[in-house]
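K.L.:
Would you mind keeping the following structure in view while I ask a few things?
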Amino acid sequence: MRWETPARHGTITDVTSEPAATQRLRDLALLRRVRDRIDREYAQPLDVEALARGVNVSAGHLSREFRRAFGESPYSYLMTRRIERAMALLRRGDLSVTEVCFEVGCSSLGTFSTRFTELVGVPPSVYRRQTDRAMAGIPPCVAKQVTKPIRNREVRVPEPGLA
């Protein structure tokens, strides 16, 4: 019997006795559990390491596989989920921007404002003023769908003075 050395390093699915398709389905189920946890616990202090521990994999492996399955990193998905909730709270209008920031699980107002602006195209305070006028009379369930932030690509904000 002759052993051949593969040209590349194998993956877990290459060295298990399970068929690759079965293993991939199990991996996807774990990734859906992570995504569901983010959806449920977005306001909690979550980080990639904690999410990875919850499914017994390394943070790097989780990040790579999550991006491969869903097109974005777990952190990006978490921040997008937080911004979606922040948009709803800002439309409601009874909390300040700072209160909304902490309500959705962000610990830094600067990071929250920066990410909000990247995804929505305007800072949270401007969004709040604009939606007060624009969303008057629109049911909240419709407003949520219409104002959903853009995932996987950020809003391009024109630079001032470059026309």
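K.L.:
Sort out which residues of the stretch 49-80 are within 11 Å of the chain's Cα centre (by Cα) and either without any contact (Cβ under 8 Å) to a residue 40 or more places away in the chain or closer than 27 Å to Glu99 by Cα (or both), and write them in order of number.
P.N.:
The answer is Phe66, Arg67, Phe70, Ser73, Pro74, Tyr75, Ser76, Tyr77, Leu78, Met79, Thr80.
K.L.:
Here's something else I'd like to know. Do the conditions hold for Arg26, that is, is it in a helix (DSSP H, G or I), modelled with pLDDT of 95 or more and not assigned by TED's automatic domain parsing to the domain that holds Cys101?
P.N.:
When the stated conditions are applied, Arg26 does not pass them.
K.L.:
Where the second residue is at pLDDT below 95 and in a helix (DSSP H, G or I) and the first is over 18 Å from Met79 (Cβ atoms) and basic (Lys, Arg) and lies in the stretch 15-40, which pairs have Cβ atoms under 9 Å and are six or more apart or on separate chains?
P.N.:
So the pair list comes out as Arg24/Thr13; Arg32/Ala69; Arg33/Gly54.
K.L.:
So, one more: What are the residues in the stretch 52-66 that are farther than 18 Å from Asp36 by Cβ and among the hydrophobic types (A, V, I, L, M, F, W, C), if any?
P.N.:
Answer for the stretch 52-66, where residues must be farther than 18 Å from Asp36 by Cβ and among the hydrophobic types (A, V, I, L, M, F, W, C): just Ala59.
Yes/no matrix, rows are residues, columns are (1) assigned by TED's automatic domain parsing to the domain that holds Thr117; (2) on the phi > 0 side of the Ramachandran plot; (3) modelled with pLDDT under 95:
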position: Gly54; (1), (2), (3): no, no, yes
position: Ser58; (1), (2), (3): no, no, yes
position: Gly71; (1), (2), (3): no, yes, yes
position: Ala88; (1), (2), (3): yes, no, yes
position: Asp94; (1), (2), (3): yes, no, yes
position: Thr98; (1), (2), (3): yes, no, no
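K.L.:
For the stretch 37-55, indicate whether the set of residues that are of a type in the set (Lys, Arg) and surrounded by 15 or more Cβ atoms within 10 Å (Cβ to Cβ) is non-empty.
P.N.:
Yes, there is a match, as at least one residue in the stretch 37-55 is of a type in the set (Lys, Arg) and surrounded by 15 or more Cβ atoms within 10 Å (Cβ to Cβ).
The values are calculated or read from the model by the stated rules, or taken from the named source; none is laboratory data. Computed from a prediction, not measured in an experiment: that's the story for all the values here. Neighbour counts are summed over all protein chains in view; Cβ atoms, including those assigned to glycine, are modelled from backbone coordinates with ideal geometry.
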